[in-house]
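Heads up: the structure comes next, in structure tokens.
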Amino acid sequence: MKTSTSLSESFKLRKSVTISERVGKALQGNEMQNVSRDELLAAFELDTEAGVAARNALISGAHFDLWLDPVPAVEILGICSARKRNLQRRGKQTLGFTETLAILRQMGEQGLLVAYVNDRDRGGYYFQLFLDPDSLKVIGCIGVNTFSGDDPATDRV
């Protein structure tokens, strides 16, 4: 009997591999061998409202993950612009979109790492972080509060 998997679940299974599994496969030599919570915290130099909130969530133990394949900023810009419109239409509370979209416009084709910090289990926000792969510094952060009247178990960001 075949198990049915939705397209979104299948995508998550392919793309969301834990850091420890991913690092061993993606990087070799003297490059980064592991990304710990402390290292991700050290990457925060962003003092925007979203950046501070994401950092505080990470300090409080929120789940996080980081993808080590850089994505061109122009692609992230398109995705985030559409996401902002969709979230506004749905009346969701958001943080950091204006600042992050402006930064992404300036980055052009430069590759960025994408991470998330998920504080929804504690009634907080879901944050997406964008990091410079060379300096491993957070250059942009958006946050979405999915608990504004929706079922958190089925709500999508």
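Let me check something: with ligands and nucleic acids excluded, how do Ser135, Ser81 order by accessible area (1.4 Å probe), largest to smallest?
Values: Ser135 65, Ser81 25 Å².
Accessible-area ranking of Ser135, Ser81, largest first: Ser135, Ser81.
Could you please state how large a percent of the accessible area of the range 38-157 is carbon and sulfur, counting protein chains only and using a 1.4 Å probe?
Summing carbon and sulfur atoms, their accessible area is 47 percent of the total for the range 38-157.
Could you work out how far apart the two model spin labels at Glu45 and Asp134 are, taking each label as a point 7 Å from the Cα in the direction of the beta carbon, and quote it in nm?
Output for this residue pair reads 1.3 nm.
When only the heavy atoms of the protein chains count and the probe is 1.4 Å, how do Thr48, Thr94 rank by accessible area, highest first? Walk me through the intermediate numbers first.
Numbers: Thr48 35, Thr94 55 Å².
Ranking Thr48, Thr94 by accessible area, largest first, yields Thr94, Thr48.
Using a 1.4 angstrom probe and counting only protein chains, how large is the accessible area of Arg55 in Å², to 10?
90 Å²
Placing unit charges on C-beta atoms (Lys and Arg positive, Asp and Glu negative, everything else neutral), compute the dipole magnitude of the range 59-134 about its Cα centre in debye, rounded to 20. Could you put the intermediate results ahead of the total?
Details: 9 positive and 9 negative charges, 140 e Å.
It comes to approximately 680 debye.
Which Rg and Dmax, in Å, describe the Cα atoms of the range 50-94?
13.4, 32
Give me the accessible area of Ile76, 1.4 Å probe, in Å² rounded to the nearest 10.
10 Å²
The values are calculated or read from the model by the stated rules, or taken from the named source; none is laboratory data. As the structure is a computational prediction, the values presented were derived from the model and not from experiment. Please note: Cβ atoms are built from the backbone with ideal geometry, for glycine as well, and neighbour counts cover all protein chains shown. For accessibility, only protein heavy atoms count, side chains too; no ligands or nucleic acids. Shrake-Rupley method; radii C 1.70, N 1.55, O 1.52, S 1.80 Å.
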